[in-house]
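Notes for the one structure printed next.
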Amino acid sequence: MIRRAAESDFQAILSLIDSGRRIMRESGNPGQWPEGKPEPEKIRKDIENGNSWIVEENGVPAATFAFIAGPDPTYARIDGGAWLNEEPYYVIHRIARSQSARGVFRTVMDWCFARTCNIRIDTHKDNAIMRHCLESYGFRYCGIIYLENGDERLAYQLFREK
């Protein structure tokens, strides 16, 4: 089950982010999400704006993600490629799961694509797990985008005809 996150989910989301950070470190991705990132204020803002979602397994939060209508300012510039289109899109950010959860990526993507046909997402170059998930699901690599702090991220997009 996927449901909108509430303020009461804040600590559970932070725990899921910590779990995601551990998974990244264990898989050879030491640079993404250093301690304190993503910022708790961003998580709160996602919740307040209705953009934060929880994936539950047996009533327990197993994953979290932000699903946000574009445009995303960090996607305005893309180097080394181009977006597939300039149609309205949604962005998925801050996706994380508990270490015991499995199949979460496909569950999240299926849910998101039931709501839109155009999604953009980015990840760190060392995030082999996410890159594999994106490519296996059908996302296409589009180029490099830059976060607000200037860090590079690999940008992907998937557009499905209506």
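Which of the residues spanning segment 100-156 are buried (at least 17 other Cβ atoms within 10 Å of the Cβ) and of a type in the set (Lys, Arg)?
ARG120, ARG131, ARG153
Would you pick out the residues in segment 109-157 that are among the aliphatic types (A, V, I, L, M) and touching a residue at least 60 places away in the same chain (Cβ under 8 Å)? Even if it seems obvious, please write down each step before you answer.
Here is the first cut: in segment 109-157, the ones among the aliphatic types (A, V, I, L, M) are 109, 114, 119, 121, 128-130, 134, 144-145, 147, 154-155.
Scanning segment 109-157 gives ALA128, ILE129, ILE144, ILE145, LEU147, ALA155.
Any idea how many residues of segment 118-158 are of a type outside the set (A, V, I, L, M, F, W, C) and within 13 Å of VAL91 (Cβ to Cβ)?
Qualifying residue count, segment 118-158: 7.
Right, ARG4: under 16 Å from the mean Cα position of the chain (by Cα), under 19 Å from VAL104 (Cα atoms), of a type in the set (D, E, K, R) and surrounded by 14 or more Cβ atoms within 10 Å (Cβ to Cβ) or not?
no
Which of the residues that make up segment 4-53 are farther than 15 Å from ARG97 by Cα, part of a helix (DSSP H, G or I) and of a type outside the set (A, V, I, L, M)?
Result: GLU7, SER8, PRO40, GLU41, LYS42, ARG44, LYS45, ASP46, GLU48.
Go through THR74, THR116, THR64 for me and flag whichever is farther than 21 Å from GLN32 by Cα, among the polar types (S, T, N, Q) and at pLDDT 95 or above.
From the options THR74, THR116, THR64, the qualifying one is THR116.
Out of curiosity, is GLY28 surrounded by fewer than 17 Cβ atoms within 10 Å (Cβ to Cβ) and under 20 Å from PHE139 (Cα atoms)? Even if it seems obvious, please write down each step before you answer.
Numbers: surrounded by fewer than 17 Cβ atoms within 10 Å (Cβ to Cβ): yes; under 20 Å from PHE139 (Cα atoms): no.
So GLY28 does not fit the description; no.
Quick check on segment 15-25: of everything there that is of a type outside the set (S, T, N, Q) and closer than 14 Å to PHE65 by Cβ, which residue is surrounded by the fewest Cβ atoms within 10 Å (Cβ to Cβ)? Walk me through it before giving the result.
Quick first cut of segment 15-25, residues of a type outside the set (S, T, N, Q) only: 16-18, 20-25.
Now narrow it down to the ones that are closer than 14 Å to PHE65 by Cβ: 16-17, 20.
Working: LEU16: 26, ILE17: 19, GLY20: 23.
The selected residue is ILE17.
What are the residue pairs meeting all of these: first residue in segment 65-83, first residue within 22 Å of LYS42 (Cβ to Cβ), second residue exposed (fewer than 12 other Cβ atoms within 10 Å of the Cβ) and of a type in the set (Val, Ile, Thr), Cβ atoms under 7 Å, and 6 or more apart or on different chains?
Between residues of segment 65-83 that are within 22 Å of LYS42 (Cβ to Cβ) and residues that are exposed (fewer than 12 other Cβ atoms within 10 Å of the Cβ) and of a type in the set (Val, Ile, Thr), there is no close pair.
Which residues, counting only those in segment 113-162, are under 15 Å from the mean Cα position of the chain (by Cα), farther than 24 Å from ARG22 by Cα and either among the hydrophobic types (A, V, I, L, M, F, W, C) or not in a strand (DSSP E or B) (or both)?
Across segment 113-162, the qualifying residues are PHE113, ILE119, PHE139, ILE145, LEU158.
Out of ILE43, ILE54, ILE92, which single residue is closer than 21 Å to ILE119 by Cα, without any contact (Cβ under 8 Å) to a residue 40 or more places away in the chain and surrounded by 14 or more Cβ atoms within 10 Å (Cβ to Cβ)?
ILE92
The values are calculated or read from the model by the stated rules, or taken from the named source; none is laboratory data. Note that the structure is predicted; figures quoted are calculated from it, not measured. Don't worry about glycine lacking a Cβ; one is built from the backbone with ideal geometry, like all the others, and counts go over all protein chains shown.
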